[in-house]
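K.L.:
For reference, the structure I am asking about is given below.
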Amino acid sequence: MTPTDPVAALRGAVEAAARALRDGEPTGSRPTLERPPKPELGDYSSNAAMLLAGSLGDNPRAVAERLRDELEGDSGLAPELERLEVAGPGFVNFFLADSWYLRALGDLLAAGEGVGPSPAESPEKVLVEFVSANPTGPIHVGTGRNAAYGDSLARLLQAAGHEVEREYYVNDAGSQIGRFADSLAARMRGAEPPEDGYAGEYVGEIAARLRAEGVDPSEREALEERGIEEVLKEVGSTLERFGVHFDNWFSERSLYAKGEVDEALAELEKRGHTYRHEDALWLRTTDFGDDKDRVLIRSNGEATYLTPDIAYHWDKLQRGFERLVDVLGADHHGYVARVRAAIEALGADPERFEALTMSLVHIVEGGERVQMSKRTGDFVTLDELMDDIGVDATRWFMLWRSHETTVDLDLELARSQSNENPVYYVQYAHARIASILRKAEEGPGSAEAAVVSGRVPLEESEKALVKRLLEFPEEVRAAAARRAPHRICAYSTAVAADFHAFYRDCQVVGADGEGVEGSRLALCLATKRTIAAALGLLGISAPERM
């Protein structure tokens, strides 16, 4: 944000007053500064007195009285205080003067397009690995939720000051690749795919392209290579359309080609964490909290799927990433403990590994879940959903609930252009502000040139909107730290609601009173920038017109 953060300054004044009561000693737990549940309890409230009571040997209300006196004596804070009240068991409630709000609005305006948090105190080098669907077919809506979440999380982590890379792990070395090649070969010969193969129109489409190229259906290796290329080309196009970009596409086959699987196995053996049993190679994952040991190499010499995954995470650590974030599908719950155990067995800190498991997404129309797709035969593709409701609505409805919660995506709601549709509601607020600012530019008003001081008293809805905008940096920090993009959806909706209330209560263009129009235009501009920044973190557009 801007170096002058009004809420941070207010919190700093509380902490300074608390230290003064302790003769300069730190207070231990950091006092809160929060908006109370009811407007009559003030603009902000702090629990500092309750935290100090034990160390000062006094009851919280008495400490709150002393804290209030200390704050009222703060020469920097006092002019912007209307009054302080002690309430309940010992809360100190702040009632702020209009001058505080006008200065805060000036700070918001000065931040320009750079609204958001200051950089993290301890930034990390983070690898976010997400999507990583098998290269055997198009992206479906479940994987689309994974894509929206992983991309938004990466945006949040970057906004919070971390160094982030996005990676797609291409599972191009498993048995599914052989089954996919067999399915292509069957279609190229005009036959049905094998029972355990891949059906759907897309297999026939790829087979037709390969046949036109002259690829021999009996050349399995060529089929595998070209089939993967064709699928990844389509996957990349779908994700690009969805606003998702990857820094790296990491091939599972490369782990074998570069000898990294053998290196990881050798490291585990050197550390004494593998053993032989019934001609198979096992990893002692039970030593690290897993419920049973895991097979790495079967008795027939084949690697289990866990083995290249261990090598892949070993590779991530070798590349110097301090935090490994994996966004996993709903069927990966048992996977987490064994990978964490393997990372610890390799001598790395398992706390550096985070697995975020996505819940399912269901498409609903007319109250019924939609099960089928013409193109795939068994699932709805992400492209089909975007064709229906658009990119913005698709991303919003995949992000507006916690990743741990199943989503029923209501197509009728997502298609509607009404306030009941939350993404429309937020985008409309942005477009309405753009319209107001265009109208102001046609007259004498200007948000950019507004002087936001020395005007008549503010309306309550103006104050409420300023306070909401000031919450944005902390909301971004919290959403990044808690891996919770859905918080930004909720925040965006709250900003839009507060703006609509402000616009209902307050005339903007042509408002009477010295400085009133200018300050309200400034508030509109600050709101527009904040909505755009919030939607940007979700990968959603902020339209100028609707």
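K.L.:
Kindly indicate whether Ser75 is open to solvent by 60 Å² or more (accessible area, probe 1.4 Å) and outside any helix (DSSP H, G or I).
P.N.:
Spelling it out, Ser75 is indeed open to solvent by 60 Å² or more (accessible area, probe 1.4 Å) and outside any helix (DSSP H, G or I).
K.L.:
Glu25: open to solvent by 40 Å² or more (accessible area, probe 1.4 Å) and over 25 Å from Phe472 (Cβ atoms), yes or no?
P.N.:
The answer is yes for Glu25.
K.L.:
Let me ask another. Identify, by number, the condition in (1) modelled with pLDDT of 95 or more; (2) within 17 Å of the chain's Cα centre (by Cα) that Arg545 doesn't meet.
P.N.:
All conditions are met except number (2).
K.L.:
For residues in the range 214-236 being open to solvent by 50 Å² or more (accessible area, probe 1.4 Å) and under 21 Å from Tyr198 (Cα atoms), which is nearest to the chain's Cα centre (by Cα)?
P.N.:
By that ranking, first place goes to Lys233.
K.L.:
Give the range 26-51 a look and list any residue that's assigned to a loop (DSSP other than H, G, I, E, B) and touching a residue at least 24 places away in the same chain (Cβ under 8 Å), or say none.
P.N.:
Result: Thr27, Gly28, Leu33, Arg35, Pro36, Gly42, Asp43, Asn47.
K.L.:
Here is a follow-up. If you go through the range 82-115 one residue at a time, how many are within 19 Å of Ala48 (Cα to Cα), open to solvent by 30 Å² or more (accessible area, probe 1.4 Å) and not acidic (Asp, Glu)?
P.N.:
Residues that pass the stated criteria total 4.
K.L.:
What tally of residues in the range 239-280 results from selecting those that are without any contact (Cβ under 8 Å) to a residue 24 or more places away in the chain, under 15 Å from Ala311 (Cα atoms), more than 34 Å from the chain's Cα centre (by Cα) and surrounded by 12 or more Cβ atoms within 10 Å (Cβ to Cβ)?
P.N.:
4
K.L.:
Read through the list (1) under 33 Å from the mean Cα position of the chain (by Cα); (2) not in a loop (DSSP other than H, G, I, E, B), then give the number of the only condition that Gly161 fails.
P.N.:
Here Gly161 clears every test but (2).
K.L.:
Does Leu283 count as in contact (Cβ under 8 Å) with a residue 24 or more places away in the chain, buried (at least 20 other Cβ atoms within 10 Å of the Cβ) and within 27 Å of Phe130 (Cα to Cα)?
P.N.:
yes
K.L.:
Output the number of residues of the range 189-208 satisfying the condition of being under 20 Å from Asn134 (Cα atoms) and in a helix (DSSP H, G or I).
P.N.:
7
K.L.:
Which of the residues spanning the range 319-334 are modelled with pLDDT of 95 or more, open to solvent by 20 Å² or more (accessible area, probe 1.4 Å) and on the phi < 0 side of the Ramachandran plot?
P.N.:
Within the range 319-334, Arg319, Glu322, Arg323 qualify.
K.L.:
In the range 404-443, which residues are of a type in the set (A, V, I, L, M) and open to solvent by 70 Å² or more (accessible area, probe 1.4 Å)?
P.N.:
Selection gives nothing.
K.L.:
Let me ask something else. Which condition breaks for Val115 when tested against (1) more than 30 Å from Gly515 (Cβ to Cβ); (2) touching a residue at least 60 places away in the same chain (Cβ under 8 Å)?
P.N.:
(1)
K.L.:
List the pairs whose first member sits in the range 463-488 and is part of a loop (DSSP other than H, G, I, E, B), whose second member is aromatic (Phe, Trp, Tyr), and whose Cβ atoms are under 8 Å apart, counting only residues at least 6 apart or on separate chains?
P.N.:
Glu471/Tyr491; Pro485/Tyr149
K.L.:
Does Ala337 satisfy the criteria of being open to solvent by 40 Å² or more (accessible area, probe 1.4 Å), within 25 Å of Glu252 (Cβ to Cβ) and touching a Gly at 6+ places or on another chain (Cβ under 8 Å)?
P.N.:
Considered against the rule, which asks whether it is open to solvent by 40 Å² or more (accessible area, probe 1.4 Å), within 25 Å of Glu252 (Cβ to Cβ) and touching a Gly at 6+ places or on another chain (Cβ under 8 Å), Ala337 comes out as yes.
K.L.:
If you take the residues in the range 286-296 that are closer than 13 Å to Leu346 by Cβ and crowded, with 17+ Cβ neighbours inside 10 Å, which one is nearest to the chain's Cα centre (by Cα)?
P.N.:
Checked the range 286-296; the qualifying residue nearest to the chain's Cα centre (by Cα) is Phe288.
K.L.:
From Ala133, Ala120, grab the single residue that is in contact (Cβ under 8 Å) with a residue 24 or more places away in the chain, among the aliphatic types (A, V, I, L, M), out of contact with any Pro (no Cβ under 8 Å at 6 or more places or on another chain) and over 15 Å from Ala159 (Cα atoms).
P.N.:
Only one candidate passes the filter, namely Ala133.
K.L.:
Any idea which residue in the range 28-60 is farthest from the chain's Cα centre (by Cα), counting only those that are open to solvent by 30 Å² or more (accessible area, probe 1.4 Å) and hydroxyl-bearing (Ser, Thr, Tyr)?
P.N.:
Top of the filtered list is Ser55.
K.L.:
Sticking with this one: Looking at the range 116-163, which of its residues are open to solvent by 30 Å² or more (accessible area, probe 1.4 Å) and in contact with a helix residue (DSSP H, G or I) (Cβ under 6 Å, 6 or more places away or on another chain)?
P.N.:
Listed by number, the residues that qualify are Asn134, Arg155, Ala159.
K.L.:
From (1) surrounded by fewer than 18 Cβ atoms within 10 Å (Cβ to Cβ); (2) more than 24 Å from Gly137 (Cα to Cα); (3) within 24 Å of the chain's Cα centre (by Cα), pick out the condition that doesn't hold for Phe353.
P.N.:
For Phe353, the failing item is (1).
K.L.:
Give all pairs with beta carbons closer than 6 Å in which a residue from the range 178-206 that is under 16 Å from Arg220 (Cα atoms) meets a residue that is open to solvent by 20 Å² or more (accessible area, probe 1.4 Å) and of a type in the set (Gly, Ala, Ser); count only pairs at least 6 apart in sequence or on separate chains.
P.N.:
Cβ pairs passing all conditions: Arg179/Gly197; Asp182/Gly197; Ser183/Gly197; Arg187/Gly204; Pro193/Ala199.
K.L.:
Where the second residue is among the charged types (D, E, K, R) and the first is assigned to a helix (DSSP H, G or I) and lies in the range 314-331, which pairs have Cβ atoms under 8 Å and are six or more apart or on separate chains?
P.N.:
Trp314/Glu260; Trp314/Glu263; Trp314/Glu267; Asp315/Glu260; Lys316/Glu129; Leu317/Arg352
K.L.:
Now a separate question. Looking at the range 258-291, which of its residues are in a loop (DSSP other than H, G, I, E, B), over 21 Å from Ala337 (Cα atoms) and not acidic (Asp, Glu)?
P.N.:
Lys258, Gly259
K.L.:
Quick test for you: out of Ala199, Ala207, pick the one residue that is buried (at least 19 other Cβ atoms within 10 Å of the Cβ), over 29 Å from the mean Cα position of the chain (by Cα), among the hydrophobic types (A, V, I, L, M, F, W, C) and more than 30 Å from Arg487 (Cβ to Cβ).
P.N.:
Matching residue, one of Ala199, Ala207: Ala207.
The values are calculated or read from the model by the stated rules, or taken from the named source; none is laboratory data. Please read these numbers as outputs of a predicted model, since none were measured by experiment. Methodologically, a virtual Cβ is constructed for each residue, glycine included, from the backbone with ideal geometry; neighbour enumeration extends over all protein chains shown. Areas reflect the complete protein model, heavy atoms only, side chains present, ligands, DNA and RNA absent. Shrake-Rupley method; radii C 1.70, N 1.55, O 1.52, S 1.80 Å.
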